[in-house]
Every structure is written in structure tokens, then in C-alpha cells.
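K.L.:
I am attaching a structure below and will ask some questions about it afterwards.
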Amino acid sequence: MTNRISVVTGGNRGIGLEICRQLAALGIKVILTARSSPAGEAAAAGLLAQGFDISFHQLDVTERDSIAQLTQELGREGGRIDILVNNAGIYLDRDISPLEVELAMLRSTMETNVYGPLRLSQSLIPIMRRNRYGRIVNISSQMASLTEMSSRALAYRTSKTALNVVTRILANEVRSDNILVNSVDPGWVRSDMGGQAASRSLAEGADTATWLATLPDDGPTGGYFRDRRPRPW
């Protein structure tokens with residue numbers, strides 16, 4: 001993994017920050033991105049202090065211009081990107097009945113959780129194709145599984161299920177380019193989103209994402225994984 005370059009969205013806290021740490025511990029250069037510059041810079045500084053190869057770029061995945069600027073800067077810095085972890089996400093309708101969810105809330109959730117990862121993948125895949133190498137990891141959720149679908153959180157569940165659809169379609173589109181695309185269910189993780197009552201540590205939640213980000217060329221693609229094992233769609 002030496003000399004590999006990765007981009008992690010929403011890397012300033014929680015699972016995203018832990019994924020940054022785990023990738024950097026493998027010798028991968030990590031570009032930590034976050035919507036908030038102060039939060040992102042502080043997170044990157046903390047990892048730099050531990051001796052990791054980290055840089056920070058401001059990124060709002062809902063803004064086309066922000067994605068374009070990041071892509072241009074990556075091109076100036078070496079013209080390659082090996083790993084993309086689409087981790088940035090929002091959860092606005094916790095415990096809200098689907099009968100009460102406003103369409104504006106659904107639209108906002110889809111913008112961040114689905115359209116953002118799609119736009120960023122569309123922007124960076126051409127760079128990966130030129131180098132004949134890429135790993136894209138989409139951070140989904142246990143709440144995305146249609147097999148296990150329950151009530152509440154209509155916007156969040158819909159967005160993460162749609163993200164799994166993006167994973168499957170992109171994986172098939174770039175299969176011949178040595179670009180592997182997979183989704184991750186990190187489980188219920190102790191983070192700002194998961195809460196402190198959650199059963200899993202950040203390290204446990206980030207492990208499968210790190211594994212998928214570093215797969216060999218003959219690794220799986222178009223899958224949905226938890227604990228490094230396939231999950232039911």
C-alpha cells in the first residue's frame with residue numbers, strides 16, 4: 001500500500017476519522033476532507049502529530065464546484081487517486097414517522113448520502129482509469145438492507161439503500177478497469193451518529209472499510225459487507 005493515495009470524505013470525526021487513521025497506519029497517504037475547515041484541519045493535525053501522512057482539503061459533497069476544485073487540486077498534486085471512501089453522511093429523520101417526513105428532509109438526505117458519493121465517484125474514476133487502479137468504498141448502513149427493512153427513518157434508509165444501488169451499478173461499469181466498488185455496513189458504532197450506547201467501537205466499525213479500500217486486484221466488487229463478510233441486500 002506504500003505510495004497509494006486515498007480520499008476520505010467526512011474524515012473529521014467518528015468512523016471517517018478512524019478510517020483515515022487505519023489507512024495512514026498502512027502507509028497510505030490520506031487526504032482527509034470535511035465540510036468544516038476548522039474541524040477538518042484540527043482532525044488532520046491530530047493525525048499528523050501521530051506521524052501519519054495526512055493532508056486536509058475542504059470539501060462539501062453537495063456542492064459541484066467544491067468537488068471540481070478538489071479534483072483539480074488532486075490533478076496538480078500528482079494526477080492520481082487510488083482510494084475513495086465515501087463516508088460523509090447525514091441522518092436527519094431519526095425516530096420520525098414516515099408519515100411525517102417532509103420531502104425537503106428526504107431531498108437533503110439524498111443530496112449528501114447519495115448524490116454526493118455519485119458525483120465524487122464520477123469525478124475521480126477517470127483519474128483511477130488512467131492509472132488502471134481504484135478502490136471505492138461507500139459507507140452504507142445496516143438500515144439499508146431490504147431483507148431487514150423496518151420502520152422509521154424513511155429518508156436515511158432510502159438514501160443508504162440507494163447508495164447500495166450506486167455501488168452495484170458503478171462496480172459493473174468499471175469492473176474491467178481494475179476499479180473495485182463496494183458498500184460497507186459498519187454496524188452500530190459508538191459515534192456522534194450512533195450514540196454512546198452502541199455496541200461497536202470506532203475501530204470495529206472502520207475495519208471492513210479499510211479492508212475493502214486495500215483489496216488485491218482479484219478482490220470482490222459490487223458487494224455489501226459487514227465484518228468482511230457479505231450482507232443480504
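K.L.:
Select from segment 62-95 the residues that are of a type in the set (A, V, I, L, M, F, W, C) and in contact with a Lys or Arg (Cβ under 7 Å, 6 or more places away or on another chain) and write down the one among them that is nearest to residue 20 (Cα to Cα).
P.N.:
Among those residues, the one meeting the criterion is 83.
K.L.:
Further question on the same structure: In the set 103, 180, which member is surrounded by fewer than 17 Cβ atoms within 10 Å (Cβ to Cβ), out of contact with any Phe, Trp or Tyr (no Cβ under 8 Å at 6 or more places or on another chain) and not polar (S, T, N, Q)? Quick ask: steps written out before the conclusion?
P.N.:
Working: 180 fails: surrounded by fewer than 17 Cβ atoms within 10 Å (Cβ to Cβ).
Residue meeting the stated conditions: 103.
K.L.:
Now for a separate question. Any chance segment 154-162 includes a residue that's over 13 Å from the mean Cα position of the chain (by Cα), closer than 28 Å to residue 4 by Cβ, charged (D, E, K, R) and in a helix (DSSP H, G or I)?
P.N.:
no
Results for (1) in contact with a strand residue (DSSP E or B) (Cβ under 7 Å, 6 or more places away or on another chain); (2) of a type in the set (A, V, I, L, M); (3) touching a residue at least 12 places away in the same chain (Cβ under 8 Å); (4) over 20 Å from residue 210 (Cα atoms), shown as yes or no for each residue.
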site: 90; (1), (2), (3), (4): no, yes, yes, yes
site: 94; (1), (2), (3), (4): no, no, yes, yes
site: 102; (1), (2), (3), (4): no, no, no, yes
site: 112; (1), (2), (3), (4): no, no, yes, yes
site: 117; (1), (2), (3), (4): yes, no, yes, no
site: 131; (1), (2), (3), (4): no, no, yes, yes
site: 150; (1), (2), (3), (4): no, no, no, yes
site: 156; (1), (2), (3), (4): no, no, yes, yes
site: 160; (1), (2), (3), (4): no, no, yes, no
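K.L.:
Conditions first: (1) buried (at least 19 other Cβ atoms within 10 Å of the Cβ); (2) in contact with a Lys or Arg (Cβ under 7 Å, 6 or more places away or on another chain). Residue 53 passes all but one, so which condition is the exception?
P.N.:
Answer for residue 53: the failing condition is (1).
K.L.:
Confirm whether residue 191 is small (Gly, Ala, Ser), assigned to a loop (DSSP other than H, G, I, E, B), under 23 Å from residue 92 (Cβ atoms) and in contact (Cβ under 8 Å) with a residue 12 or more places away in the chain.
P.N.:
In short, yes.
K.L.:
Does any residue in segment 214-230 that is crowded, with 19+ Cβ neighbours inside 10 Å come within less than 7 Å, Cβ to Cβ, of a residue that is among the aromatic types (Phe, Trp, Tyr) and in a loop (DSSP other than H, G, I, E, B) six or more places away or on a different chain, and which pairs are these?
P.N.:
224/233
K.L.:
Tell me the residue from 70, 48 that is on the phi < 0 side of the Ramachandran plot, touching a residue at least 40 places away in the same chain (Cβ under 8 Å) and either loosely packed, with under 14 Cβ neighbours inside 10 Å or of a type outside the set (Ser, Thr, Tyr) (or both), please.
P.N.:
Step by step, each of 70, 48 is checked, and only 70 is on the phi < 0 side of the Ramachandran plot, touching a residue at least 40 places away in the same chain (Cβ under 8 Å) and either loosely packed, with under 14 Cβ neighbours inside 10 Å or of a type outside the set (Ser, Thr, Tyr) (or both).
K.L.:
In the set 78, 11, 40, 89, which member is more than 17 Å from residue 121 (Cα to Cα), at pLDDT 95 or above and either buried (at least 24 other Cβ atoms within 10 Å of the Cβ) or over 15 Å from the mean Cα position of the chain (by Cα) (or both)?
P.N.:
The match here is 40.
K.L.:
Among the residues of segment 192-200, is any more than 30 Å from residue 3 (Cβ to Cβ), crowded, with 22+ Cβ neighbours inside 10 Å and of a type outside the set (Lys, Arg)?
P.N.:
no
K.L.:
I'm told residue 64 meets every condition in (1) more than 18 Å from the chain's Cα centre (by Cα); (2) of a type in the set (Lys, Arg); (3) over 26 Å from residue 206 (Cα atoms) except one. Can you identify the failing condition by its number?
P.N.:
Here residue 64 clears every test but (1).
K.L.:
Let me ask something else. I'm trying to understand the selection: among the residues of segment 127-157, which are surrounded by fewer than 22 Cβ atoms within 10 Å (Cβ to Cβ), closer than 20 Å to residue 180 by Cβ and either touching a helix residue (DSSP H, G or I) at 6+ places or on another chain (Cβ under 9 Å) or at pLDDT 95 or above (or both)?
P.N.:
Selection gives 127, 129, 132, 133.
K.L.:
Does segment 67-86 hold any residues that are in contact with a Ser or Thr (Cβ under 9 Å, 6 or more places away or on another chain) and closer than 18 Å to residue 10 by Cβ, and which are they?
P.N.:
Result: 67, 70, 71, 81, 83, 84, 85, 86.
The values are calculated or read from the model by the stated rules, or taken from the named source; none is laboratory data. Values in this document were obtained by computation on a predicted structure and should not be read as measured data. Positions of Cβ are generated from backbone atoms using ideal geometry, with glycine treated the same way; all protein chains shown enter the neighbour counts.
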